[in-house]
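Working notes, structure below.
Any read-out appearing in this document is the output of simple, stated calculations on the displayed coordinates, not a laboratory observation. Since the model is a prediction, treat every value here as computed from it, not as a measurement. Positions of Cβ are backbone-derived with ideal geometry, glycine not excepted, and every protein chain shown enters the neighbour counts.
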Amino acid sequence: MKLILFGPPGAGKGTQAKILIEKLNIVQISTGDMLRDEVKSKTPLGKLASSIMDKGDLIPDEIIMSMIEKRITKSDCKNGFILDGFPRTLNQAVELDVILKSLNLKIDKVIEINVNEDLLINRIVKRASESKTTRDDDNSEILKNRIIVYNKDTLPVLDYYKSLNKLNTVDGTQDIDKVSKDILKVLNWL
Ligand code: AMP
């Protein structure tokens with residue numbers, strides 16, 4: 001099964017992806033985690049990425065697409081994957097389809113975790129205060145920009161998948177278990 005988990009920062013994509021990979025025996029591909037690994041390892045890409053991530057802006061599409069292409073052709077993706085935090089621009093979505101087509105693969109479903117903006121801000125502020133390894137981009141200034149970027153660059157991706165009849169929406173304001181159940185229902189797993 002090949003899935004996309006879609007939603008604004010703080011919607012719970014990472015949390016849900018971790019639950020789903022256990023149940024479905026597939027892998028999680030988080031471009032945010034991959035970039036944070038590069039930052040931690042102080043690679044040239046990591047250095048460039050951290051200056052962009054620290055502002056809450058998006059990494060250029062070419063960099064992201066080359067990371068994704070390498071990742072989804074690895075053998076652990078054979079049984080399927082969940083894309084978490086990707087695609088984040090319409091261009092990324094269209095290019096993903098080109099790559100998948102060349103590999104004779106396709107996305108089965110896109111799941112939008114829908115959460116309103118006030119709740120998001122509360123959640124991220126909470127995540128920042130609780131986390132020992134606080135993410136540098138979890139503060140209110142940067143968060144505001146991440147939400148602006150989401151609304152401007154990422155929301156058009158939803159319409160793209162809607163037009164392809166792949167979009168399913170779950171209510172992300174519910175507790176974690178209920179959100180997982182709703183996602184599994186969408187996947188006909190429950
Ligand atoms: P995330 O962990 O998914 O919230 O991503 C953290 C940050 O990494 C984002 O604010 C962006 O700066 C960058 N990033 C992650 N995924 C992408 C992507 N698909 N396209 C562009 N930038 C990304």
What is the one condition in (1) within 24 Å of residue 148 (Cα to Cα); (2) within 14 Å of the ligand (Cβ to nearest atom); (3) in contact with a Leu (Cβ under 8 Å, 6 or more places away or on another chain) that residue 112 does not satisfy? (2)
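State the number of residues belonging to the range 80-102 that are exposed (fewer than 12 other Cβ atoms within 10 Å of the Cβ) and either closer than 13 Å to residue 2 by Cβ or acidic (Asp, Glu) (or both).
Counting residues in the range 80-102 that are exposed (fewer than 12 other Cβ atoms within 10 Å of the Cβ) and either closer than 13 Å to residue 2 by Cβ or acidic (Asp, Glu) (or both) gives 1.
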For residue 62, indicate whether it is crowded, with 18+ Cβ neighbours inside 10 Å and either free of Cβ contacts under 8 Å to residues at least 12 places away in the same chain or closer than 16 Å to residue 149 by Cβ (or both). no
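Conditions tested, residue by residue: (1) near the ligand (Cβ under 10 Å from one of its atoms); (2) on the phi > 0 side of the Ramachandran plot; (3) β-branched (Val, Ile, Thr); (4) touching a residue at least 60 places away in the same chain (Cβ under 8 Å).
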site: 28; (1), (2), (3), (4): no, no, no, no
site: 42; (1), (2), (3), (4): no, yes, no, no
site: 67; (1), (2), (3), (4): yes, no, no, no
site: 81; (1), (2), (3), (4): no, no, no, yes
site: 87; (1), (2), (3), (4): yes, no, no, yes
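So, in the range 155-170, exactly how many residues are surrounded by fewer than 16 Cβ atoms within 10 Å (Cβ to Cβ) and touching a residue at least 40 places away in the same chain (Cβ under 8 Å)?
Within the range 155-170, residues that are surrounded by fewer than 16 Cβ atoms within 10 Å (Cβ to Cβ) and touching a residue at least 40 places away in the same chain (Cβ under 8 Å) number 1.
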Within the range 44-59, track down each residue that is on the phi < 0 side of the Ramachandran plot, crowded, with 16+ Cβ neighbours inside 10 Å and in contact with an Asp or Glu (Cβ under 8 Å, 6 or more places away or on another chain). 45, 46, 49, 50, 53, 58
So if I check each of 76, 33, which one is surrounded by fewer than 16 Cβ atoms within 10 Å (Cβ to Cβ), of a type in the set (Asp, Glu) and within 8 Å of the ligand (Cβ to nearest atom)? 33
The one condition in (1) assigned to a helix (DSSP H, G or I); (2) surrounded by fewer than 20 Cβ atoms within 10 Å (Cβ to Cβ) that residue 17 fails to fulfil: (2)
Number of the exception - residue 143 against (1) buried (at least 19 other Cβ atoms within 10 Å of the Cβ); (2) part of a helix (DSSP H, G or I); (3) more than 13 Å from the ligand (Cβ to nearest atom): (3)
